[in-house]
């Protein structure tokens, strides 16, 4: 049913709005506009700059939707510098309802940055649901001294050194860092965030004590200059923090990292990074990240281990295939690499993290060297001695990494990886593989690896974003190569067995030709009987489905105030599961239901039975949306998997109808006065597809003589001999032509005559058409 997921509508009309602003700003600043629509960057403060015309006059022309109410504001590039009045009060959102090309004039009296001395400003534009975290790595004030007065809110730190919180090698030298110091960050908190609980996070390789407005809120590790007392701790969690009800607030951090030189030698920053985020967003993301963590563990650890076990088992049974042993070791090393990296992401003990890093390096060495050894054994056994060079270099890097790490060593390790991958590609390209299938398998794996390496490099250079938040896309490339290698080795093993089996079969065929012919004759007779039995069973099933389908339909249509209802269903050779009903609770409470179950035969009948049974216990008078949502959840909970129910439920009112469409074709409305037919399309999913799908109600006003026509997709998706589809537009045209020239009581006869002409009498699916003629309010 092609119409389940597609719809079309009238194109939006656009107008041009010119914003002209008069404002005084500092040299080098630019005025930006941000608003509530995609045309205004959806509140991003630095996406749409205005152009300076002359002096203090700025201007920007923007193409906007006609008749759409839009909120907007002006900034200097971030929400810490949005427009204010002359007293520093933040301006309310401006609004515009563009009805034609126009010019809007603004005079801005001030900017938020002019009215505060705080280092960092927080408001509702900084922390909101689904926002990015506010990273607090700059604007800190620092001193290497230590005093109990430093966390106090009113403490004068104007003489402290301005700094970031990273503690990189050069920064620690500038700070005269001796292993312990204080950092203070001044915040200006908008009243919209007063008393609000946000998510607090700190990432560090040392130990810290966190004070908010003079009160100690958090402690991570043990802060001390003494090595026997100092305990560093990494943090991976978020903690709730309630912001005080005042504008000027201070975060003070007493931070210790006496081991900073060891950390910097590992090419890491010894400092900390604090961030704030929306609490609900963090809780939701942590659940998603936990699921993703399990997914990546299974995908990149358990799957390689399972493949390693498989190849090791093959080696035990067939030791002459040494490549299976080498490849099992390669896969085990790769699983270890991913596993230890995952542990590094959850461990809080700094020295344990460094230990896991060494184990990951060892696993990486094993994976690379034995991967090469596998490729040499398979494709270039005559050049197997070359592996000794890679083995020697890998051992040197492995032993060096156990006692030394840093930027130069990282370059050597990365270079060794590039050389290894290049050698893999070289072996694959320069080796002639005669077997076409084997060549395709090998080339596919190499292609996947190259693709993900290139993608990873583009991401690392900032040309693309990380999809789904996963940073090591190159792992998918290695996984693709591993799967292709497993497939290749399995293929070669199977091909060997197949060759042996074919020779045995040749001998057997020469000696048992007569028996084979008799067996074939017997088999043919058996298949004929099975086909005949299957045909009889299918025929009986289709007949039962047809009877079931007909039994679900009302025997006759009730009389309805203000409306005359007529309906006709034509069933296909294979029952398609169409269904209709009119539920009349009282004289004034009338509801029309038209549906179409997916599939054919008995399965479709089962879905119709379930739907009708559920509707029997649900009261449509309690609300169309509530009833359809409950019906959808009930069908979804039954777990019928690929079975769904397209359904349209309409409430018949005195002046028109209200309806909900769940994956049904458009509703056609014939306007008698205008002698035109409207096509009303609703985007929706069939019942049973998604449990939480929200269905919306559509309203159609009617005048006396107007007609509403409901159809199933058997009509709109009917093909003729030329494989042309009947389609929505043709359906609307045919309806309009018939009703314009005939009384409504002849409509169904004329329509089905057109259907038979188009389909040449052959129906691939059931067709149900219901017409409601509105007679006007009594």
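The values are calculated or read from the model by the stated rules, or taken from the named source; none is laboratory data. Note that the structure is predicted; figures quoted are calculated from it, not measured. Methodologically, a virtual Cβ is constructed for each residue, glycine included, from the backbone with ideal geometry; neighbour enumeration extends over all protein chains shown.
Quick notes on this structure:
- Test result for residue 78, in the same structural domain as residue 24 (by TED's automatic domain parsing), modelled with pLDDT under 90 and either more than 22 Å from residue 218 (Cβ to Cβ) or surrounded by fewer than 20 Cβ atoms within 10 Å (Cβ to Cβ) (or both): yes
- The residue that is surrounded by the fewest Cβ atoms within 10 Å (Cβ to Cβ), among those in segment 37-66 that are outside any strand (DSSP E or B) and in contact (Cβ under 8 Å) with a residue 40 or more places away in the chain, is 66.
- Single condition residue 723 does not satisfy, out of (1) assigned to a loop (DSSP other than H, G, I, E, B); (2) free of Cβ contacts under 8 Å to residues at least 12 places away in the same chain; (3) surrounded by 15 or more Cβ atoms within 10 Å (Cβ to Cβ): (3)
- Here residue 659 passes the criteria (1) under 37 Å from the mean Cα position of the chain (by Cα); (2) not in a strand (DSSP E or B) except the one numbered (2).
- Within segment 1-30, considering residues that are at pLDDT below 90 and not in a loop (DSSP other than H, G, I, E, B), the one surrounded by the fewest Cβ atoms within 10 Å (Cβ to Cβ): 2
- Just one of the listed residues (715, 763, 772) is within 18 Å of residue 568 (Cβ to Cβ) and part of a helix (DSSP H, G or I), and it is 715.
One line per residue, one yes/no per condition, for (1) farther than 24 Å from residue 164 by Cβ; (2) touching a helix residue (DSSP H, G or I) at 6+ places or on another chain (Cβ under 8 Å):
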| residue | (1), (2) |
| --- | --- |
| 225 | no, no |
| 232 | no, yes |
| 243 | no, yes |
| 261 | no, no |
| 266 | no, yes |
| 272 | no, no |
| 296 | yes, yes |
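- Residue 761 more than 30 Å from residue 640 (Cβ to Cβ) and either within 40 Å of the chain's Cα centre (by Cα) or surrounded by fewer than 17 Cβ atoms within 10 Å (Cβ to Cβ) (or both): yes
- Residue check, residue 33 surrounded by 19 or more Cβ atoms within 10 Å (Cβ to Cβ), over 22 Å from residue 126 (Cβ atoms) and within 34 Å of the chain's Cα centre (by Cα): no
- The set of residues in segment 211-224 being in a strand (DSSP E or B), free of Cβ contacts under 8 Å to residues at least 60 places away in the same chain and surrounded by 20 or more Cβ atoms within 10 Å (Cβ to Cβ) consists of 212, 220.
- Of the numbered criteria (1) surrounded by fewer than 22 Cβ atoms within 10 Å (Cβ to Cβ); (2) in contact with a helix residue (DSSP H, G or I) (Cβ under 7 Å, 6 or more places away or on another chain); (3) at pLDDT below 90, the one residue 568 fails is (3).
So that you can scan it fast, the table gives a plain yes or no per residue for (1) exposed (fewer than 12 other Cβ atoms within 10 Å of the Cβ); (2) at pLDDT 70 or above; (3) not in a helix (DSSP H, G or I):
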site: 444; (1), (2), (3): no, yes, no
site: 472; (1), (2), (3): no, no, yes
site: 484; (1), (2), (3): no, yes, no
site: 503; (1), (2), (3): yes, yes, no
site: 531; (1), (2), (3): yes, yes, no
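- Note on segment 67-96: residues that are within 17 Å of residue 41 (Cα to Cα) and part of a loop (DSSP other than H, G, I, E, B) total 6.
- Single condition residue 234 does not satisfy, out of (1) under 21 Å from residue 283 (Cα atoms); (2) surrounded by fewer than 18 Cβ atoms within 10 Å (Cβ to Cβ); (3) in contact with a strand residue (DSSP E or B) (Cβ under 7 Å, 6 or more places away or on another chain): (2)
- Pairing each residue of segment 138-151 that is under 12 Å from residue 253 (Cα atoms) and outside the structural domain of residue 253 (by TED's automatic domain parsing) with any residue that is surrounded by 13 or more Cβ atoms within 10 Å (Cβ to Cβ) and modelled with pLDDT under 90, provided the two are 6+ apart or on different chains, yields no C-beta distance under 9 Å.
- A single entry from 646, 637 fulfils the requirement of being within 26 Å of the chain's Cα centre (by Cα) and in a strand (DSSP E or B): 646.
- Residue within segment 603-617 that is surrounded by fewer than 20 Cβ atoms within 10 Å (Cβ to Cβ) and under 19 Å from residue 698 (Cβ atoms) present: no
- Residue within segment 183-197 that is within 21 Å of residue 249 (Cβ to Cβ), in a strand (DSSP E or B) and either in contact with a helix residue (DSSP H, G or I) (Cβ under 6 Å, 6 or more places away or on another chain) or not assigned by TED's automatic domain parsing to the domain that holds residue 135 (or both) present: yes
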